[in-house]
Amino acid sequence: RFVNTVIHEQEDKLPFTFKWFGEKMIVDRNVSKHAILRKGTEIVAINGVPVVKILSALLPYVAADGATDKNRIQKLEIDGFDFRYNAFDIFFPLKFPLEDGVFKLSVLVNGNISEVEVKGMHREIRAEKLRDKYVDFPYTRDDMFAFQSYKDLGVLTLNSFGLMGWKAMTLDYKKYLDKTFTALQQKNIKHLIIDIRGNTGGNDEMKIELIRYLSFDRQQLLPIAREGRTRFVNFPEQLKPHIKTWGDNPWYYNLTPDATEGQYYIFNERFENREPQPGKPNMFQGKVYLLVGPSNTSLAYYTARDFQHYKIGKLIGDETGGNLRDINGGQILFLTLPNSGIEIDFPVMGGFSTELLPNSGVVPDHQVEMSLQDFRNGIDPVMDKAFELIKKKAAPK
């Protein structure tokens, strides 16, 4: 609890949210008293340290799958949601301790550097202020779901699959999806955009349920070639009293492997390549476009991968997080060290591709990346690309 308080409960968080564009730190939402920190403002240095050096110093502490740094950089942005931890909030005060809880910012405005001092803020106070100031700022994970329809176009936003754990979703996602796809059917909508760019993953059942509402050839496609691997058969008895995990009866305590390969045991029955389940009666029959980006890890990555592999629809955006060679999130343990009380989370099983694939996330069919100028002008080029493709499809032949 002491360590948790030191890391998460101090007034040492920036009073604004920001995004990285290359090596530039750009303000998004500001709840400090300084109007100069408006959206699009570039922060050049913090407490005398150039932000380029800050980014370089913090990147090695951020976990991601595979070789790409896009997901790591995205994790070093601040979105300010109080139902997610932001890596920058955690690592910056540890690596660059504040003096008197003050951030001394060097800000680039109209080609000139201005110096601004802001007090550090508690992360939950920052979230409260963001909710008060910005009407579109989410209160809970439930607010990460949204649906809108326009004539023959529907836009479904699914920016969380988080059903368990800290500040989990509480809405009935099955009813939500059923209501949404019933509306699509009743309105005879021909094009559906599904936006998961802010989704970092969650529970498998949500992906499975979503895909049951989408029309594609479920019979002709090969399953994804992957297997589950671990390095043990019998789980150490001395660790059992100190771990927590998903479910009440962990299946991996005593294992019978299907095979061995080098230093790994292989367990296909736990990583069987499930083919997509049968479609729903109100399954969407039109064209589908999935918007993706570097935030997409874990189940959000698998959603993007399945869309591409099973040819469910076109992917638009930037390379996802995760990795085509698979990821380590097959089964996570939460080990509480008995003396210090510090919790360590680690995987005991991982997924591995049995094909030689690129060391990357899912690369979209249409690669589109938001520029700094787009951001400052309030332009969403990824959504615009989807509209462009839909317009081409709808144009008379």
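The values are calculated or read from the model by the stated rules, or taken from the named source; none is laboratory data. What you see is a predicted model; the values in this text were computed from it and never measured. Ideal geometry is used to build each Cβ from the backbone, glycine not excepted, and the neighbour counts take in all protein chains shown. The protein model used for the area step is the full one, side chains on, heavy atoms only, and it has no ligands, DNA or RNA in it. Shrake-Rupley method; radii C 1.70, N 1.55, O 1.52, S 1.80 Å.
The Cα center of the range 178-249 and the Cα center of the range 1-30 differ in position by 30 Å. Using modelled backbone amide H atoms (1.01 Å from N, in-plane), which distant-in-sequence or interchain residues come within less than 5 Å of R38's amide H? Distant-sequence amide H within range of R38: zero hits. Reducing the range 66-94 and the range 148-174 to their Cα centroids gives an inter-centroid distance of 22 Å. At a probe radius of 1.4 angstrom, the accessible area of the chain per residue rounds to 51 square angstrom. Say the dipole of the range 286-397 comes from +1 at the beta carbon of Lys and Arg and -1 at that of Asp and Glu; which of I379, F334, T297 then lies farthest toward its positive end? Among I379, F334, T297, the one farthest towards the positive end of the dipole of the range 286-397 is I379.
Approximating the spin labels as points 7 Å out from Cα along Cα→Cβ, the I208-to-W166 distance works out to 2.8 nm. Solvent exposure of W246, expressed as accessible area, is near 110 Å², computed with a probe of 1.4 Å over the protein chains only. Along its three principal directions, the equivalent ellipsoid of the range 286-397 from the Cα gyration tensor extends over semi-axes of 35, 19, 11 Å, largest first.
Close lysine pairs were tallied over the range 301-397: pairs 8 or more places apart or on different chains with Cα atoms under 15 Å apart number 5.
For G202, the amide hydrogen comes within under 5 Å of the amide hydrogens of L299, A300, counting only partners 5 or more places away or on other chains and with H modelled in the peptide plane. The Cα atoms of the range 140-192 cover 38, 16, 12 Å along the three principal axes, with the biggest extent listed first.
Here the chain exposes an accessible surface that is 51 percent carbon and sulfur, computed with a 1.4 Å probe and the other protein chains kept in place.
Within the straight-line cut-off of under 15 Å between alpha carbons, the aspartates and glutamates reachable from K179 are E209, sequence neighbours fewer than 8 places apart in one chain being disregarded.
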